[in-house]
Every structure is written in C-alpha cells, then in structure tokens.
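Peer 1: Got a structure here, written out as structure tokens. Questions coming.
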Amino acid sequence: MPGSENSNARILTGECYCRAVRFEVADAFSYAMNCHCSNCRRTTGSAFKPFAGIEQHNLRLVQGADQRLIYGDDMTHDAHCARCGSLLYSRVREGKWVHVAMGTLVDAPSIRPTAHIFVGSKAPWHEITDNLPQYRGHIGDS
C-alpha cells in the first residue's frame, strides 16, 4: 500500500456479498477479536462480529466506493454495501483505525481472534465454546 509502513505485507482482498464493493488491506493486522456487543450483533445479524484491527491507511477501496452506505460520521462509522447490506468495516479510534469484518476477506489473514469482548451483553442464546479469554467489556474489563 502506498505510504504504508507495511509495504512488505501480503495484500488481502475483501468484498461484500454481491461484490459491488471491493477493498485491499495489508495482512499486517495489529489485533483480532470477537465482539459480542449489541451493536455488532445487530449490524452483522450474528452472535458476534469477528474483526481485525489495522491503521486506516492500510485499507484501500478498489471498487464501489460510491456503493457504500455509511452509518456514522466522517471520523467513526460502519461501512456497509448499499446494495446487499454487508458490513465491510468499522472506522474507529478517532478515525485512525479500521476494524475489518473478517468474514468479508476473500483471502485468509495470518491473524486469528485472540479474545471475546463485550460478553457482558452477548446474545443469551449463544454459548462461547472455545478457550479464548472473555472480557465483560473492552480487554481489561473483568
């Protein structure tokens, strides 16, 4: 990616369900987690959102930038495909980072989720069955 300190990283492709929106991202994620908060559950329609975090400049839209539906503002938002509704990524941490929805990645990233966060508001019908650490809120919240 131009201007990226991760210029030697493998580049992954991501896309929405209908393939109207495509992006590239460096396989240099800093962290990955499974978020169980009610917002992530609602936006994905799932029990949790597996996401991988990376500095925003490492993600580049290559197709369909005008096909995105943005929920939020310029600084922090969720980006969905306006045609199929897929959640692509969330812009977070004062707009400097993105949380890429791992299910949109066509290529397998080298990172795997290392924790469950916001399990204090997880879906009551979902049971976490792996041995990853669980945090009531953000990491560090017991």
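The values are calculated or read from the model by the stated rules, or taken from the named source; none is laboratory data. Since this is a predicted model, take the numbers as computed values, not measurements. Positions of Cβ are generated from backbone atoms using ideal geometry, with glycine treated the same way; all protein chains shown enter the neighbour counts. We work out accessible area using only protein heavy atoms, side chains counted, and drop any ligands, DNA or RNA first. Shrake-Rupley method; radii C 1.70, N 1.55, O 1.52, S 1.80 Å.
Peer 1: At a probe size of 1.4 Å, how large is the accessible area of I70, to the nearest 10 Å²?
Peer 2: 70 Å²
Peer 1: Follow-up. Quick one, can you get me the convex hull of the C-alpha atoms of the chain expressed as volume per residue in Å³?
Peer 2: So the per-residue hull volume is 115 Å³.
Peer 1: Then there is this: On average, how much accessible surface per residue is there in the chain, in Å², for a 1.4 Å probe, leaving out ligands, DNA and RNA?
Peer 2: 54 Å²
Peer 1: Per residue of the chain, what 222 nm ellipticity follows from adding -39500 (n - 2.57) for every DSSP H run with n ≥ 4, rounded to the nearest 500?
Peer 2: -1000 deg cm²/dmol
Peer 1: Please calculate the 1.4 Å probe accessible area of S90, with all protein chains present, and give it to the nearest 10 Å².
Peer 2: 10 Å²
Peer 1: Can you tell me the mean projection area, over all orientations, of the convex hull of the range 72-142's alpha carbons? Units nm², please.
Peer 2: Computed as one quarter of the Cα hull surface, the answer is 6.8 nm².
Peer 1: Another question about this same structure. Averaged over all directions, how much area does the convex hull of the C-alpha atoms of the range 38-84 cover when projected, in nm²?
Peer 2: 4.1 nm²
Peer 1: A follow-up question, please. Which whole-number percent is the relative contact order of the range 57-119 (Cα, under 8 Å, 6+ apart)?
Peer 2: 20 percent
Peer 1: Another one. Name the residue farthest towards the positive end of the dipole of the chain from the options A9, L59, I70, assuming +1 on Cβ of Lys and Arg, -1 on Cβ of Asp and Glu, about the Cα centre.
Peer 2: After comparing all options, I get I70.
Peer 1: Right, something else. Share of the chain's accessible area from carbon and sulfur, percent, 1.4 Å?
Peer 2: Ligands and nucleic acids excluded, carbon and sulfur reach 47 percent.
Peer 1: Any idea what the relative contact order of the chain is, in percent, if you count C-alpha pairs under 8 Å spaced at least 6 apart?
Peer 2: It comes to 26 percent, rounded to a whole number.
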